[in-house]
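The values are calculated or read from the model by the stated rules, or taken from the named source; none is laboratory data. These numbers were taken from a predicted model, which means no experiment stands behind them. Cβ: placed from backbone, ideal geometry, glycine included. Neighbour counts: every protein chain shown. These accessible areas exclude ligands, DNA and RNA; they are computed on the full protein's heavy atoms, side chains included. Shrake-Rupley method; radii C 1.70, N 1.55, O 1.52, S 1.80 Å.
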Amino acid sequence: MGNGKVAVTIPTMGATHLVDTLASLPPGLPLYLRDNREDNWGVAKSWNWGIRQALKDGAQYVLVLNDDVRLAPGFIDRLVEDLQRDNVILASGRPDHVEVSPPTRRLAMSAFLCDHRLFDEVGEFDESFWPAYFEDDDMLQRIRNTNRWRTWFDSEAVFHHWVSSTINEFRAIRRMNRSYFKQNRERFFQKWGFYPREE
């Protein structure tokens with residue numbers, strides 16, 4: 001997995017579990033950490049920056065993580081294998097609180113892997129979804145609309161996710177969360193003509 005094959009990007013607000021996330025990574029992976037505490041780029045712009053920079057620096061694959069996840073051993077290797085399946089352009093693992101059966105079709109975008117094809121073939125994440133919410137749904141819809149590429153949910157690539165830890169930890173973010181969620185949900189509807197399904 002070394003030799004610049006996989007790089008990791010993590011946008012962070014400085015949440016407590018960032019240390020857990022970093023400690024669960026194999027040693028030696030190039031890391032692109034975007035600190036959003038002072039100048040909040042939001043999720044989409046942070047992901048775009050990290051993915052672009054990692055690919056520019058020679059990474060073959062980019063692992064995009066929330067700052068409140070902990071990966072199980074072998075997680076990255078499994079997603080690399082998944083991304084090598086026919087026409088798979090984005091692969092995610094399974095949070096340990098999500099049941100294996102019945103399988104979900106909803107990717108866990110708190111821990112996903114991509115390569116250069118995502119931006120080359122589909123484009124970057126839409127930064128108008130700021131600061132967070134529905135930038136992932138928008139990307140998944142755009143992938144579906146290609147009628148060529150598909151995503152892969154790997155139920156055996158497990159990770160722990162402290163769900164909504166940033167919102168729970170930072171009062172200012174919690175206050176603005178509801179309004180931006182509604183605004184971005186409406187932005188998604190205006191763009192696609194439907195609301196994303198919650199699966």
Notebook entry, point to check: Among the listed residues VAL64, VAL100, VAL80, which satisfies the condition of being of a type outside the set (D, E, K, R) and in contact with a helix residue (DSSP H, G or I) (Cβ under 7 Å, 6 or more places away or on another chain)?
Noted result: VAL64
Checklist line | PRO73, sole failed condition from (1) out of contact with any helix residue (DSSP H, G or I) (no Cβ under 9 Å at 6 or more places or on another chain); (2) crowded, with 18+ Cβ neighbours inside 10 Å | finding: (2)
Next item on the list: Determine whether VAL62 is more than 18 Å from ALA132 (Cβ to Cβ), open to solvent by less than 70 Å² (accessible area, probe 1.4 Å) and either small (Gly, Ala, Ser) or in a loop (DSSP other than H, G, I, E, B) (or both).
Entry: no
Checklist line | Residues (among the acidic types (Asp, Glu) and either modelled with pLDDT under 95 or open to solvent by less than 20 Å² (accessible area, probe 1.4 Å) (or both)) located in the stretch 102-136 | finding: ASP115, GLU135
Notebook entry, point to check: Which members of the stretch 65-98 meet the condition of being touching a Phe, Trp or Tyr at 6+ places or on another chain (Cβ under 9 Å) and in a loop (DSSP other than H, G, I, E, B)?
Noted result: ASN66, ASP68, ALA72, ARG85, ASN87, ASP96
Next item on the list: Could you please give the count of residues in the stretch 37-59 that are surrounded by fewer than 20 Cβ atoms within 10 Å (Cβ to Cβ) and in a loop (DSSP other than H, G, I, E, B)?
Entry: 7
Notebook entry, point to check: For the stretch 64-85, does any single residue satisfy the condition of being of a type outside the set (Ser, Thr, Tyr) and over 29 Å from ARG144 (Cβ atoms)?
Noted result: yes
Next item on the list: Scan the stretch 51-77 for residues that are over 22 Å from PHE153 (Cβ atoms) and in contact (Cβ under 8 Å) with a residue 24 or more places away in the chain and jot them down.
Entry: ARG52, GLN53, ALA54, LEU55, ASP57, GLY58, ALA59
Notebook entry, point to check: Before we move on, is ARG34 assigned to a strand (DSSP E or B) and farther than 26 Å from SER128 by Cβ?
Noted result: no
